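Heads up, the thing below is written out as structure tokens.
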Protein chains: 2
Amino acid sequence: MISAISKGMILRVNGQTTLSEGDGADLPRPTMRDVAALARVGLKTVSRVINGEPGVSLELQARVRHAARQLDYHPNLAAGQLRRIGGRTATLGVILEDVANPFSAALHRAIEDVAAARNVDVFAGSVEENPDRERRLVANFAARRVDGLAVVPASHDHSYLLAHKQAGMAIVFIDRRPDFLDVDAVVSNHRQGSARAVGHLLGLGHRRIAFLGDLAAVQSARERHAGYFDAMAAAAAPVDPSLVCQDLRDSGAAESAAMRLLEADSPPSAFFASQNLITIGVIRALRRAELQDRVALVGFDDVVLADLLDPPVTVVAQDPRKIGTRAAELLFARMDGDRSPTRCHVIETTLIVRGSGEIPPGR
Amino acid sequence: MISAISKGMILRVNGQTTLSEGDGADLPRPTMRDVAALARVGLKTVSRVINGEPGVSLELQARVRHAARQLDYHPNLAAGQLRRIGGRTATLGVILEDVANPFSAALHRAIEDVAAARNVDVFAGSVEENPDRERRLVANFAARRVDGLAVVPASHDHSYLLAHKQAGMAIVFIDRRPDFLDVDAVVSNHRQGSARAVGHLLGLGHRRIAFLGDLAAVQSARERHAGYFDAMAAAAAPVDPSLVCQDLRDSGAAESAAMRLLEADSPPSAFFASQNLITIGVIRALRRAELQDRVALVGFDDVVLADLLDPPVTVVAQDPRKIGTRAAELLFARMDGDRSPTRCHVIETTLIVRGSGEIPPGR
DNA sequence: TTGAAAGCGCTAACAA
DNA sequence: TTGTTAGCGCTTTCAA
């Protein structure tokens, strides 16, 4: 049985390409050869027109464009990249903690904007602090030959990226510094920002300040933890280990931990919540305990609507758009041949005083 | 001058591939040929081992794997896809309003999770309701031969996607129904959800209910607008056109519009904010006017921390995770050969009563 | 079980 | 200005 020939079908008969009438489905995509045949020009002429190379007569340009439109031709980028010398794919890989987390999403968008200006497409993936997922994503992106990779790394030993770097993949670390690997990085000043937050509470007279932190395995979480100790030590305030909770993976865990502290014999007079989801958990706990006006709270990383809560939440804000933009620019600079020594770019944080962090102790 | 040969360099001499000592930078990536040469086997044998095809002796498998590891070989997916019959790229394109918007980001994450389970990588891009950006992204993703495309469309006439669909690209629309194109869609019940929100306010006795909406050019915004009229008509409540504001593109615009309404001669007794950013704008306006306890508010789409505001914000919640998951599953079903008629899947919304929507009129 | 040859859709290099 | 040939890194086909 011979299947029907329907409109729009590409017919290749004796090397001649023609267009049928009908409205078939699942046609093969037309190739440059098809366009060349229909326009009755050489393959290379089509390539020149499609890529905007000079040196094609207006007449042939018109014929090629007309044929391309007729066939609804869309070039195959992968095929071109394969042969092209230097073989850029015009893609970037972005590896985030979670594309749905507001901080990650803001980074993503900033990177996308820089990339879009160069017509570079962006792969994104979520790692959830799982080093295996990170490696899987890196392997995939490498197999796709992304020109650049922006990573918020979950892993510790980053030397497995060396081969990719040497193969010409530009790499930038975001939010965390690289270990055992020489690449650029853009990070918030986690330690100093945290010390500032805690110092702010200490300045109001707080001494029993709880620290709620993310996975201790995560470098940025450790730095924020260290900032807490820095400030406490600078004020000669003793650290009560029972007020230090780490490894809180989401708002729920943070809420429970905060509740436990509030219900203990000698509760904290203030909280330092070292991450956005943790801040949300602490806010919920304070509400449940109806202590939001008596126990102080400073969060690290800003939270939407934090200014409209009662009391409004004081935070140390990061600047994810600036971080993402800088990271993308570094990536493109390296791709463009920048061979200068790698650097770690530190983006300062901002203390935003709103109310929750200014509640005095013993109220 | 002859450049130094350093460790790890791939040397191709007389067709023989060997490994040098040193720590060179910018090596060419090893190819299957290099692995084959080092392992002293045929090219196809390497291909079989890398792709896990059966029928290779254990001995040769070991030799190939060892050589691959030694060279830090990473296969080039694009090259494989080019020759492979049916040519799947194992990629998806996701076109969103803004990857940083919480609703879009939640969709994105849900799609990513379904894709990751199949080891499919995801391109994402933001359109900002600009049809030109949509077309540019679609063209790029088509040029990259994504197997599937999930779009929150900004454009109106979607027939330009027909050629891609016919070329075998699976397509699903999210949040909006396709016009002039036969593809699957997954949408919230915008109209009924909005009618329910407005009906809720009418049930409390409100008659002067303001509608604040997104770009009227956007289909989902129009449906929410229609839902408002449905409910008003059902209650035989007159619509005051001065209480209907559209084309609000961000929280700031929504805040100004709400302020203007509140300061007018006969202000509304309730607001229906038909989108998450608009809801935030209205909340800010009500706070500024100190009317948050006197003017009711129901929002469409939930907002983080809405439950902790004073008063807590009543919303009609969408289920972005469910929408995204369903959309991705439809995409994969089509790729797997599902030829059943296309459908528009409607995901119901949920009214979450929290307080702001239960403020009676004339308070 | 193994591998040589052809070719995917395109660009590079070169010839006309 | 135009076209021809080779070949990118891989998979397919087919022969050994």
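The values are calculated or read from the model by the stated rules, or taken from the named source; none is laboratory data. Keep in mind that what you see is a predicted model, and the values were worked out from it rather than measured. A quick note on method: Cβ atoms are made from the backbone with ideal geometry, for glycine too, and the neighbour counts reach across all protein chains shown.
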Would the stretch B:243-253 turn up any residue that is outside the structural domain of B:Ile111 (by TED's automatic domain parsing) and more than 28 Å from the chain's Cα centre (by Cα)?
yes
Taking the condition within 11 Å of chain B (Cβ to nearest Cβ), surrounded by fewer than 24 Cβ atoms within 10 Å (Cβ to Cβ) and closer than 22 Å to A:Cys344 by Cβ, does A:Leu181 pass?
no
Scan the stretch A:268-290 and tell me whether some residue there is more than 30 Å from A:Ser242 (Cβ to Cβ) and either at pLDDT below 95 or of a type in the set (Phe, Trp, Tyr) (or both).
no
Options B:Arg135, B:Arg118; residue that is over 23 Å from A:Asp98 (Cβ atoms) and of a type in the set (Lys, Arg):
B:Arg135
Exactly one of these conditions fails for A:Ile111: (1) away from DNA strand D (no atom under 12 Å from the Cβ); (2) more than 9 Å from chain B (Cβ to nearest Cβ); (3) more than 21 Å from A:Met169 (Cβ to Cβ). Give me its number.
(3)
Inside the stretch A:159-180, the number of residues satisfying the requirement of being at pLDDT 90 or above and within 20 Å of A:Ala221 (Cβ to Cβ) is 6
Checklist (1) more than 7 Å from chain B (Cβ to nearest Cβ); (2) surrounded by 22 or more Cβ atoms within 10 Å (Cβ to Cβ) applied to A:Gly125, failing item:
(1)
From A:Glu129, A:Glu112, residue being at pLDDT 95 or above and among the acidic types (Asp, Glu):
A:Glu112
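Yes or no, residue by residue, for (1) farther than 30 Å from A:Ile283 by Cα; (2) hydrophobic (A, V, I, L, M, F, W, C); (3) out of contact with any Ser or Thr (no Cβ under 8 Å at 6 or more places or on another chain):
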{"position": "A:Ser126", "(1), (2), (3)": "no, no, no"}
{"position": "A:Arg135", "(1), (2), (3)": "yes, no, no"}
{"position": "A:Pro153", "(1), (2), (3)": "no, no, yes"}
{"position": "A:Ile174", "(1), (2), (3)": "no, yes, yes"}
{"position": "A:Val186", "(1), (2), (3)": "no, yes, yes"}
Looking only at the stretch B:135-142, decide whether some residue is within 30 Å of B:Gly227 (Cα to Cα) and either of a type in the set (Asp, Glu) or buried (at least 24 other Cβ atoms within 10 Å of the Cβ) (or both).
no
For a quick check of your reading: which helices (runs of 4 or more DSSP H) sit entirely within the stretch B:35-120 and have at least 2 residues that are more than 13 Å from DNA strand C (Cβ to nearest atom)?
B:58-71, B:102-116
Going through A:Asp34, A:Asp72 one at a time, which residue ends up being touching a strand residue (DSSP E or B) at 6+ places or on another chain (Cβ under 6 Å), of a type outside the set (Gly, Ala, Ser), at pLDDT 90 or above and surrounded by 16 or more Cβ atoms within 10 Å (Cβ to Cβ)?
A:Asp34
I'm trying to understand the selection: among the residues of the stretch B:29-85, which are within 9 Å of DNA strand D (Cβ to nearest atom) and of a type in the set (S, T, N, Q)?
B:Thr31, B:Ser47, B:Asn51, B:Asn76, B:Gln81
Do we have any residue at all in the stretch B:323-336 that's of a type in the set (S, T, N, Q) and either surrounded by fewer than 15 Cβ atoms within 10 Å (Cβ to Cβ) or not assigned by TED's automatic domain parsing to the domain that holds B:Phe180 (or both)?
no
